[in-house]
Amino acid sequence: MARFNFWERLFPVKRDFYKMIGDQAEASSNVVGYLGRWLNSRATEDYQLLLREVEVADRCRFTMEDNLIEAFITPFDRQDIYSLSVEMDRIVQYAKSTLMEMEAFEIGEDSIIQAMVQQLKIGTDQLAEAIQRLKDYPRKSQIQIGKIRQVQLIIEEEYRAGMVALFNSPDPMHALKYREVYHHLKDAEVYLGYTTDILHKIVVRVV
């Protein structure tokens, strides 16, 4: 390993961390997209597509982490790269857990779940686009960052409206089940925000 580090210091291996992060962001957005499709279809095919895309996102993250350990040079702070990847992964995991809980609880989507997933898809699409622009047009990434902030506000409004309706529900079991699903989607939004915070810090440093 010492010999590897010596030669890499002399002739650094080119690793495209921009592409690695971009691939993970695209897979993350696809996971949310498949969640939206499954909500409408409840098809086994869409269920399996979501789970397979989760595996794609995981492979992107693991590949990036392996390269991060070995790389002598990174395009920006390696801790930021790692944190960005980890927070994106949590968006994926909460999208997956939303599907799992809805299946386990045998509950259907309502207007709140539909709206939150639709906005989460918009937000992850904007995140993927912002990361794609990061290498060559970092200032333009700020446009998407602003749009993601708006998405967060809408999801939070939907969440509050949904919780108010649940608290007024005469069926406590119904309220408990839907509250769990709402909360998972809210958590996905929170981690979308954390990811965006890290991305914004990177943009500020590279421009």
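The values are calculated or read from the model by the stated rules, or taken from the named source; none is laboratory data. Since the model is a prediction, treat every value here as computed from it, not as a measurement. Positions of Cβ are backbone-derived with ideal geometry, glycine not excepted, and every protein chain shown enters the neighbour counts.
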Six or more apart or on different chains, Cβ under 6 Å: which pairs go from a residue in the stretch 115-135 that's in contact (Cβ under 8 Å) with a residue 40 or more places away in the chain and within 24 Å of F17 (Cα to Cα) to one that's buried (at least 20 other Cβ atoms within 10 Å of the Cβ) and among the acidic types (D, E)? Could you list them? A128/E26
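Residue-by-condition table, conditions (1) closer than 21 Å to L39 by Cβ; (2) modelled with pLDDT of 95 or more; (3) of a type in the set (F, W, Y):
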{"residue": "E129", "(1), (2), (3)": "no, yes, no"}
{"residue": "E158", "(1), (2), (3)": "yes, yes, no"}
{"residue": "H183", "(1), (2), (3)": "yes, yes, no"}
{"residue": "Y194", "(1), (2), (3)": "no, yes, yes"}
{"residue": "V207", "(1), (2), (3)": "no, no, no"}
Selection count, the stretch 102-148, where residues are aromatic (F, W, Y) and out of contact with any helix residue (DSSP H, G or I) (no Cβ under 6 Å at 6 or more places or on another chain): 1
Go through the residues of the stretch 101-112 one by one and say whether even a single one is crowded, with 18+ Cβ neighbours inside 10 Å, out of contact with any Leu (no Cβ under 9 Å at 6 or more places or on another chain) and either at negative phi or not β-branched (V, I, T) (or both). no
Within the stretch 153-207, count every residue that is closer than 15 Å to I113 by Cβ, in contact (Cβ under 8 Å) with a residue 60 or more places away in the chain and of a type in the set (F, W, Y). 2
Looking at this structure, is S83 over 18 Å from C60 (Cβ atoms) and either in contact with a helix residue (DSSP H, G or I) (Cβ under 6 Å, 6 or more places away or on another chain) or small (G, A, S) (or both)? no
Could you list all residues from the stretch 165-193 that are closer than 16 Å to K121 by Cα and hydroxyl-bearing (S, T, Y)? Y182, Y191
